[in-house]
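Worksheet: one structure, shown below.
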Amino acid sequence: MFRDWVSRSLRRRLLFSLLLGVGLSLAAFQLVVDQLVDRYIVRSFDARAGHTEERDRLLHEVDLVLLAGVVTVLVVSALVTVVSVRRGLQPLDAATAAARDVSVERPAHSLPLTGLPAEIRPLGERINQLLEGLAESLERERRFSTDLAHELRTSLAEIRALAEVSVAERHDAQDLRRFLQQVRAAAVSMQGVIESLLAVARADRTAAQNALEPLQVARAVYARIEHLRDTGSVDSSRIAARVPREVWIHSDPRLFDALLLNLLTNALQHGDPREPIEIDWFSPPDGAVLQVRNAAPHLSPQDLPHMTERFWRSPAREQPAEAAGLGLGLWVVAGLCRVLDLRLNFDLDPTRHLSVRLSGFRTV
């Protein structure tokens with residue numbers, strides 16, 4: 001019973017161990033000193049009766065003094081041990097209190113490690129790493145839900161409006177066909193948003209680096225353009241790709257396709273619909289570069305630092321509502337670039353053509 005009670009608490013184990021060690025040391029010290037003093041006193045007196053009584057009295061006094069000294073030292077040692085153990089475990093108590101406050105609603109980014117013993121600090125550091133990963137995962141989940149609701153609200157409202165109009169009035173086959181095409185475009189847009197947000201939410205730097213494989217850039221680019229053309233959600237006929245077929249890189253095919261989807265969708269939706277969209281591949285000495293260039297007459301050089309902000313909208317007033325900003329696409333691109341260790345740069349030339357460059361690809 002007592003052993004179980006002591007073993008359930010680190011503080012009790014430390015106190016019991018220290019007090020037991022001090023007590024045994026003092027008991028051994030008393031025995032040794034008592035024997036030495038007794039022998040010295042016995043040799044100092046002769047065998048006469050008077051001297052014998054005086055010797056016994058002196059031995060008794062020495063035993064009492066030694067016992068009192070041992071008890072006093074034991075009490076003082078116990079007090080010092082209790083105070084030292086309590087002060088020594090204060091950092092651990094603080095970390096424990098902080099750990100109790102961790103919850104799904106209040107994820108902690110780190111536990112206090114100041115003052116923790118060197119033996120416990122690696123455990124605390126590992127727990128902090130896990131807590132930071134948990135907090136990042138929860139933040140990605142919340143951000144995904146918010147972004148999904150924000151981006152799908154317009155498409156769902158459009159589909160509902162089209163359905164209500166088609167039900168409320170009589171339409172010929174041509175009108176119904178037009179309605180269905182618009183519904184399909186809205187559904188394809190919703191699918192692209194969901195795929196992009198899922199790519200960001202699930203993207204993990206370590207997992208992405210472990211999933212790298214040889215990828216033919218031209219095949220991936222033309223496959224994405226063909227998919228846009230098949231869905232008919234946007235006018236992909238004005239996309240001009242100039243990517244050599246011999247170019248191969250190490251990348252994650254799923255994340256690379258999400259990069260292309262968001263770059264092209266952003267250029268198609270927010271660029272000048274009368275101008276082409278150009279995709280080029282460059283191989284300068286400092287690394288391979290993928291560039292998407294399109295006309296962006298509504299942008300200014302002051303807008304470039306805000307391009308990757310979520311739901312950013314350009315303050316320009318003369319542009320139409322559908323071109324009023326860049327929405328979520330370039331924010332998704334920036335997040336995927338961080339996962340794939342790519343550099344994202346923007347350039348707006350004097351003719352108001354926006355160039356989005358991705359650099360840092362590892363060629364095969």
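The values are calculated or read from the model by the stated rules, or taken from the named source; none is laboratory data. These figures come from a predicted structure and were not determined experimentally. Note that we place each Cβ from the backbone using ideal geometry, even for glycine, and neighbour counts take in every protein chain shown. We work out accessible area using only protein heavy atoms, side chains counted, and drop any ligands, DNA or RNA first. Shrake-Rupley method; radii C 1.70, N 1.55, O 1.52, S 1.80 Å.
Details
- Of the helices (runs of 4 or more DSSP H) contained entirely in the stretch 1-104, those carrying at least 3 residues that are at pLDDT 75 or above, among the hydrophobic types (A, V, I, L, M, F, W, C) and over 30 Å from SER137 (Cα atoms) fall at 10-44, 49-88.
- Those residues of the stretch 277-301 which are at pLDDT 90 or above and surrounded by 14 or more Cβ atoms within 10 Å (Cβ to Cβ), in sequence order: ILE277, GLU278, ILE279, ASP280, TRP281, VAL289, LEU290, GLN291, VAL292, ARG293, ASN294, ALA295
- Residue satisfying condition, being modelled with pLDDT of 80 or more, open to solvent by less than 10 Å² (accessible area, probe 1.4 Å) and more than 16 Å from PHE256 (Cβ to Cβ), within set LEU354, LEU304, LEU348, LEU358: LEU354
- Checklist (1) modelled with pLDDT of 80 or more; (2) open to solvent by less than 30 Å² (accessible area, probe 1.4 Å); (3) aliphatic (A, V, I, L, M) applied to ALA203, failing item: (1)
- Residues being part of a loop (DSSP other than H, G, I, E, B), among the charged types (D, E, K, R) and within 26 Å of GLU246 (Cα to Cα) - total across the stretch 260-310: 1
- With respect to (1) open to solvent by less than 30 Å² (accessible area, probe 1.4 Å); (2) farther than 30 Å from PHE179 by Cβ; (3) part of a loop (DSSP other than H, G, I, E, B), the lone exception for ALA241 is condition (3).
- In the stretch 213-231, the residue that is farthest from LEU264 (Cα to Cα) out of those that are in contact with a Ser or Thr (Cβ under 6 Å, 6 or more places away or on another chain) and of a type in the set (A, V, I, L, M, F, W, C) is LEU215.
- Flag if LEU180 is open to solvent by 30 Å² or more (accessible area, probe 1.4 Å), in a helix (DSSP H, G or I) and either hydrophobic (A, V, I, L, M, F, W, C) or modelled with pLDDT of 75 or more (or both): yes
- With respect to the stated conditions, GLN191 fails to be at pLDDT 70 or above and either of a type in the set (A, V, I, L, M) or over 20 Å from LEU336 (Cβ atoms) (or both).
- The stretch 56-93: number of residues that are in contact with a Lys or Arg (Cβ under 8 Å, 6 or more places away or on another chain) and open to solvent by 50 Å² or more (accessible area, probe 1.4 Å): 1
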